[in-house]
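Below is one structure, written out as structure tokens, with a few remarks after it.
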Amino acid sequence: RFGYEDDKPTKVLESILVSGSNNVVLSVSFSEKADTLFREKDYENAARLFELAIEYDNSDYIFYENAAISYYLADNYENAEIYFDRVINQFKPRNGKSEFYKGIMLVELDRNEEACVLLKKAAEFKFSNDGSLQVYNTYCN
């Protein structure tokens, strides 16, 4: 490791080297369209476009995370869990966002023991500053 792994330009260059510049352009285009659908609350179709972005650039965890959140908000918990797990276990961004949203989803599904493990991790990563800690304390203490 050289200390540049979390640098945005380094991540873009890595995506280009892994996926090719044309594929990165296509993935960004799909992602931008998905963002528009997400803002319009068309979560299921947003998730599908994030999946298309993944097909063209599978090295960017943000596409997986956005697909997971979109599926979660569309009440498609099975697909949401698949993508949250991919982010948490494969990409390991260590920012707590996927842990937080998956934890909230699991609370809604009455899987509190699993949820609290993830919400605690989100709080440890200081996701949303003290917000994740407050959510953890609300549901897990």
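The values are calculated or read from the model by the stated rules, or taken from the named source; none is laboratory data. What you see is a predicted model, and the numbers here were worked out from it, not measured in a lab. Methodologically, a virtual Cβ is constructed for each residue, glycine included, from the backbone with ideal geometry; neighbour enumeration extends over all protein chains shown. Protein only, heavy atoms only, side chains kept; ligands, DNA and RNA dropped before computing areas. Shrake-Rupley method; radii C 1.70, N 1.55, O 1.52, S 1.80 Å.
Table for the structure above
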read-out: Surface per residue (accessible, 1.4 Å probe) for the chain, Å²; value: 60
read-out: Computed over the stretch 14-95, the ratio Rg/Rh where both radii use C-alpha atoms and Rh is Kirkwood; value: 0.97
read-out: Computed [θ] at 222 nm, deg cm²/dmol, the chain (DSSP H ≥ 4; -39,500 (n - 2.57); rounded to nearest 500); value: -23000 deg cm²/dmol
read-out: Nonlocal Lys pairs with alpha-carbon distance under 22 Å, the chain (8 or more apart, or different chains); value: 21
read-out: Cα gyration tensor shape of the chain, rounded if a/c is under 1.5, else prolate or oblate by comparing a/b with b/c; value: oblate
read-out: Most to least packed among 50-61, 78-89, 34-45 [average Cβ atoms within 10 Å]; value: 50-61, 78-89, 34-45
read-out: Pair residue 85, residue 126: separation of 7 Å Cα→Cβ label points (nm); value: 3.1
read-out: Kirkwood-type radius of the stretch 64-141, with distances r between different C-alpha atoms, in Å; value: 12.0
read-out: Accessible surface of the chain, 1.4 Å probe, proportion on carbon and sulfur as whole %; value: 49
